Amino acid sequence: MAAAQRPVIMTVDDEPQVLNAIERDLRSHFRSEYRILKVGSGTEALDTVAQLKEREATLALFLVDERMPQMSGTEFLAEARKVYPDARKVLLTAYADTAAAISGINDVGLDYYLMKPWDPPEERLFPVLDDLLADWVAGFRPPFQGIKVAGVSWSPASHDVKDFLSRNQIPYKWFDVDVDEEGAALVEQYAEGRAGLPVVVFSDRTCLVEPSPQELAEKVGMQTQATLPHYDLIVVGGGPAGLAGAVYGASEGLKTVLVESTVTGGQAGTSSQIENYLGFPSGVTGADLARRATTQAKRFGAEVVVPLAVTSIRVEDPYRILTLSDGSELSCHALLLATGMAVRRLDVPGIDDFTGAGVFYGAALSEASACRGEHIFVVGGANSAGQATMLFSRYASKVTMIVRRDSLRATMSSYLLDRIEATENVEVLTGAQVVEARGDKSLTEISVDVGGTVETFAAGHLFIFIGAAPRSECASDLVETDDGGFILTGPDLLNAGTALQGWPLERSPFLLETNVPGIFAAGDVRHGSTKRVAAAVGEGSASVAMIHRYLETV
């Protein structure tokens with residue numbers, strides 16, 4: 001263990017020769033497991049204690065001389081235990097100090113007192129300290145050393161930060177400043193009050209206040225810029241289709257970069273449990289699947305750049321050129337659009353007022369533990385809503401699904417429907433829809449039309465899964481789409497009649513190729529896709545074979 005991470009044993013004595021002797025003996029026996037600090041006075045030691053606490057160091061034991069000028073050992077321990085209440089406290093005394101030591105047991109919770117001299121330490125010092133430290137270790141819980149996020153529970157900005165970290169599987173500890181004293185202290189220390197929330201404190205003690213996804217990504221070491229100006233293949237979108245395209249493109253020798261506007265995984269990445277994906281008989285979370293696929297793509301040499309959005313695409317043959325949200329441009333020979341879907345918004349009074357403050361689109365896994373013991377509501381009747389319901393049923397006292405249709409059977413896989421029907425704390429309201437949301441700073445109640453009768457429910461959490469719209473806007477002025485905005489490819493272009501006017505090649509478009517040669521589409525954004533994770537992976541990987549055929553002609 002690095003020295004800075006080892007727990008501290010602090011010895012305090014005003015006599016330099018005695019202090020050096022104690023330090024020597026302590027180092028000889030404890031240096032492999034503990035950091036030994038020596039301090040020459042009680043007042044200086046209190047300053048050191050404060051500095052250690054500020055650095056979030058762990059202090060295991062105080063070994064303090066009783067007879068020190070200005071501040072006695074017991075006086076020092078009385079103050080030091082306010083900062084480190086669980087540290088073991090040992091007093092070094094002369095024979096005449098026995099009464100003070102006994103008094104210290106009652107006054108400062110002294111654990112032991114040792115008579116000077118302590119020689120030989122193997123008999124008179126080490127056994128005592130070994131026993132005390134073993135007792136301390138048994139009850140010690142090491143402090144969290146990772147990212148700390150301090151904010152307000154019902155703040156959309158706080159939710160966005162937690163959601164970004166959790167979807168990227170970056171461990172963090174959350175502090176609600178209205179409840180947690182440590183969270184309030186972090187805000188006071190790093191942000192000088194609540195002018196900006198949330199506050200994100202990193203293990204190196206640096207801090208970001210109200211960080212953007214770009215700032216967070218840079219700080220945690222994610223790649224936020226492409227390293228080259230030109231690639232054989234650019235994949236836009238990091239859902240299952242895009243990740244599959246990046247894996248197969250890079251593994252087959254194409255210089256590949258994947259550009260994602262938020263986090264990899266897409267809508268599938270928010271799924272609490274995908275149980276019908278081939279090769280995972282016990283199921284896999286969307287976040288785990290995204291992490292594995294992202295790691296796999298990088299292992300084959302693909303770059304994965306987040307969070308950058310594509311704002312426009314143009315063609316300057318033989319190149320396809322992308323303009324990104326940071327103003328930079330990338331060019332490629334072949335482009336795969338795998339931008340997926342965006343969750344549709346629920347358009348009823350009050351919903352927009354509480355988005356991120358009780359109303360969430362998608363599973364919002366970062367909020368699951370906050371639902372413990374509550375009655376929560378899920379809007380929607382497809383697989384994503386069912387998976388979220390099963391997740392939240394582990395935490396909530398009750399989960400009510402609000403389903404517009406008369407039954408779930410037409411929209412949900414049977415295995416998931418069976419699970420829902422067998423779960424005691426899940427209720428399904430069919431033929432129902434939310435008509436209003438109300439609250440103050442956060443959601444407190446919703447009105448639901450159930451078969452023509454409006455009922456009001458107390459509600460602190462509402463999760464919405466009501467379908468999605470294709471994210472094709474970055475290319476909609478370049479490639480052909482259907483009336484719903486889904487991108488037309490291959491035979492669907494021929495079926496669209498006029499969609500192939502201006503096609504410059506003698507051959508017909510490949511199966512997943514758009515009306516622009518060299519631009520392909522795969523996954524949920526493509527017209528006619530089956531909206532399943534396995535199908536998206538299949539399309540993303542299959543597109544690479546067609547991209548190779550296209551590149552042979554460039």
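Over the Cα atoms of region 369-510, Rg to Rh with Kirkwood Rh, two decimal places?
Working: Rg = 20.9 Å, Rh = 17.9 Å.
Rg divided by Rh gives 1.17.
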* Order Ile170, Ile36, most accessible first, counting only protein heavy atoms with a 1.4 angstrom probe. => Ile170, Ile36
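Loop-only check: which trypsin sites (Lys or Arg not before Pro) in region 341-402 are DSSP coil with at most 11 other Cβ within 10 angstrom?
Details: sites: Arg344, Arg345, Arg372, Arg394, Lys398; in loops: Arg344, Arg345, Arg372, Arg394.
Here the trypsin sites (Lys or Arg not before Pro) that fit, given the DSSP loop and packing criteria, are Arg372.
Rolling a 1.4 angstrom probe over the protein heavy atoms, how many square angstrom per residue are accessible across the chain? Write out the running numbers ahead of the final one.
Numbers: 25320 Å² over 554 residues.
Value for the chain: 46 Å² per residue.
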* **Probe 1.4 Å, all protein chains present, accessible-area order of Ser272, Ser32, largest first** => Ser32, Ser272
* Structure fact -> Per the Cα gyration tensor, the chain corresponds to an equivalent ellipsoid with semi-axes, largest first in Å, of 59, 30, 19
* To do: Compute the distribution of all C-alpha to C-alpha distances in region 1-43, in bins of 10 Å from 0, and list the percent of pairs in each, rounded to whole numbers.
  => 31, 50, 19, 0
* Asked: If the viscosity is 1.567 mPa s and the temperature 4 °C, what Stokes-Einstein diffusion coefficient in µm²/s follows for region 2-156 when Rh is the Kirkwood radius over Cα pairs?
  -> 80
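Pop out the carbon and sulfur fraction of the accessible area of region 255-392 as a percent, whole number, probe 1.4 Å. Don't jump to the answer; show the numbers that get you there.
On the way: 2650 of 5270 Å².
Ligands and nucleic acids excluded, carbon and sulfur give 50 percent.
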* Structure fact -> Counting only DSSP beta bridges fully inside region 293-418, the antiparallel percentage to nearest 5 is 60
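What do you reckon, how do Ser166, Ser543 stack up by accessible area (1.4 Å probe), largest on top? Don't skip to the answer; put the middle values down first.
Details: Ser166 35, Ser543 0 Å².
From most exposed to least exposed: Ser166, Ser543.
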* Reachable aspartates and glutamates, given that their alpha-carbon falls under 17 Å from the alpha-carbon of Lys82 and they are not under 8 places away in the same chain -> Glu44, Asp47, Glu54, Glu56, Asp107, Asp111, Glu181, Glu182
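Can you order the peptides 290-302, 405-417 by their average number of other Cβ atoms within 10 Å per residue, highest first? Spell out each step's value before the answer.
Numbers: 290-302: 18.5, 405-417: 14.9.
Most protected by this proxy first, the peptides run 290-302, 405-417.
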* Among the lysines, which have Cα under 20 Å from the Cα of Lys162 when same-chain residues fewer than 8 positions away are ignored? -> Lys148, Lys173, Lys219, Lys441
* Asked: With a sphere of radius 14 Å drawn around the Cβ of Leu330, what net charge do the other residues whose Cβ falls strictly inside it have (Lys, Arg +1; Asp, Glu -1)?
  -> -3
* Reachable lysines, given that their alpha-carbon falls under 25 Å from the alpha-carbon of Lys116 and they are not under 8 places away in the same chain -> Lys38, Lys89
* Structure fact -> For region 272-388, using Cα atoms only, the Rg and Dmax in Å read 19.0, 59
* To do: Only helical DSSP H runs with n ≥ 4 go in: add -39500 (n - 2.57) per run for the chain, normalise by residue count and round the 222 nm mean residue ellipticity to 500 deg cm²/dmol.
  => -9000 deg cm²/dmol
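Does region 403-461 come out rounded, prolate or oblate by the C-alpha gyration tensor, with a ≥ b ≥ c the root eigenvalues, rounded set by a/c under 1.5 and, if not, prolate when a/b is larger than b/c and oblate if not?
The shape class here is prolate.
The values are calculated or read from the model by the stated rules, or taken from the named source; none is laboratory data. Since we're looking at a predicted model, the values are computed, not measured. Every residue, glycine among them, receives a Cβ derived from its backbone with ideal geometry; neighbour counts consider all protein chains shown. SASA here: full protein model, heavy atoms, side chains in, ligands and nucleic acids out. Shrake-Rupley method; radii C 1.70, N 1.55, O 1.52, S 1.80 Å.
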